[in-house]
Amino acid sequence: HAIDGGKALKDYKTAYMACHQLSSSLALSNSLKALKIAKEGLAIQEKHDRKNVKNNIYMLINVARAIMNNDESKETFPYLDKAKERAYALGDSIIVSLVYRHLSSCYNMINMADSALYFAQKAYEYQSDKEESLELLCAISYFEADSILQAKQSFETIIRKSTTTNIKFVCFRYLSNIESMSGNSTRVAEAQKIAPTYSTITTNDDGDAY
C-alpha cells in the first residue's frame, strides 16, 4: 500500500501522509490500529521531514486525536503541548486555533469543563474566520461549564445565523436540555419537535458539527 510504497521509494512525505489518511479513516472502526498507524506516521515525519513544521503539527494532532478515540485523553497533552509550541513558533493563528480546539475537546473528555471552555474561547480568539463549528464548540463548552444563560444565548444566536443543518440540530438538542432543566415544558416540546426535522436531513449536509 501507499505507506510501504512510499518508504520503499524513500518518498517519506507520501508515506506519512498515507498514515495520516489511513489512521483517520480507521478512527471509529479500529481505534487501536488507528493509533498505531498515527504514531508510525509521526515517527516517519519527524525522522525524514522534521523541517516541515506545519506537517509536524498536523501529525502531532493526528496522534492526539487517535489517543482521544481510545479514551486515554490525559495522554494527549504531551502531543498537543508540543503542537501548540510549534504553532506559536510558526506564527500561524489558524493552526494555533486548531490546537486549542483539540485541547478544549480533550479537557472536556476528562470532565475539566472550565479548562475546556478556556481553550474553546482561545480557539475562537485565534481563528480570524469565525467558523460555525467553533461557535458551537464555545456554546457547548459554556453548557458543560454550567454557564447556562451564556450557552442558551450562544445556541440561539447560532441557530439564527447558521445555514448548516447539522449545527442547527445540535443546537436544538442542547436548547431542549436547557429548557428541560428550567422546567419550561412548552419550550422543551418546541425544541424536541424541531430537532428531529433537522436530524432527518443532516446526512445531506456537508457541514461538520464538531
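Side notes on the structure shown:
- Tally, over region 11-50, of residues that are out of contact with any Ser or Thr (no Cβ under 7 Å at 6 or more places or on another chain), open to solvent by less than 40 Å² (accessible area, probe 1.4 Å) and hydrophobic (A, V, I, L, M, F, W, C): 8
- Within region 21-37, residues that are in contact (Cβ under 8 Å) with a residue 40 or more places away in the chain sit with their Cβ atoms under 6 Å from residues that are open to solvent by less than 60 Å² (accessible area, probe 1.4 Å), at 6+ positions apart or across chains, in these pairs: Ser23/Ala34; Ser23/Ile37; Ser23/Ala38; Ser23/Ala66; Ala27/Ala34.
- Just so you know, in region 101-151 the residues that are touching a Ser or Thr at 6+ places or on another chain (Cβ under 7 Å) and outside any helix (DSSP H, G or I) include one that is farthest from Thr164 (Cα to Cα), and it is Ile110.
- Whichever residue in region 51-78 is part of a helix (DSSP H, G or I) and of a type in the set (D, E, K, R) and, among such residues, is surrounded by the fewest Cβ atoms within 10 Å (Cβ to Cβ): Lys74
- Check on Ala2, over 25 Å from Met112 (Cα atoms) and modelled with pLDDT under 95: yes
- The residue list Ser93, Ser162 contains one member that is surrounded by fewer than 21 Cβ atoms within 10 Å (Cβ to Cβ) and touching a Phe, Trp or Tyr at 6+ places or on another chain (Cβ under 9 Å), which is Ser93.
- Filter pass, Asn204 being open to solvent by less than 50 Å² (accessible area, probe 1.4 Å) and at pLDDT below 90: no
- Residue within region 85-99 that is closer than 25 Å to Ser133 by Cα, out of contact with any strand residue (DSSP E or B) (no Cβ under 8 Å at 6 or more places or on another chain), of a type outside the set (Gly, Ala, Ser) and not in a helix (DSSP H, G or I) present: yes
- Against the test of being farther than 22 Å from Gln45 by Cα and modelled with pLDDT of 95 or more, the options Ala64, Ala83, Ala113 yield a single qualifying residue, Ala113.
- Among the candidates Ile167, Ile140, residue that is surrounded by 20 or more Cβ atoms within 10 Å (Cβ to Cβ) and closer than 22 Å to Lys84 by Cβ: Ile140
- The listed residue being crowded, with 19+ Cβ neighbours inside 10 Å, among the hydroxyl-bearing types (Ser, Thr, Tyr) and farther than 17 Å from Arg65 by Cβ, out of Tyr107, Tyr124: Tyr124
The values are calculated or read from the model by the stated rules, or taken from the named source; none is laboratory data. Every value quoted in this text rests on a predicted model; they were computed, and no experiment measured them. Every residue, glycine among them, receives a Cβ derived from its backbone with ideal geometry; neighbour counts consider all protein chains shown. SASA here: full protein model, heavy atoms, side chains in, ligands and nucleic acids out. Shrake-Rupley method; radii C 1.70, N 1.55, O 1.52, S 1.80 Å.
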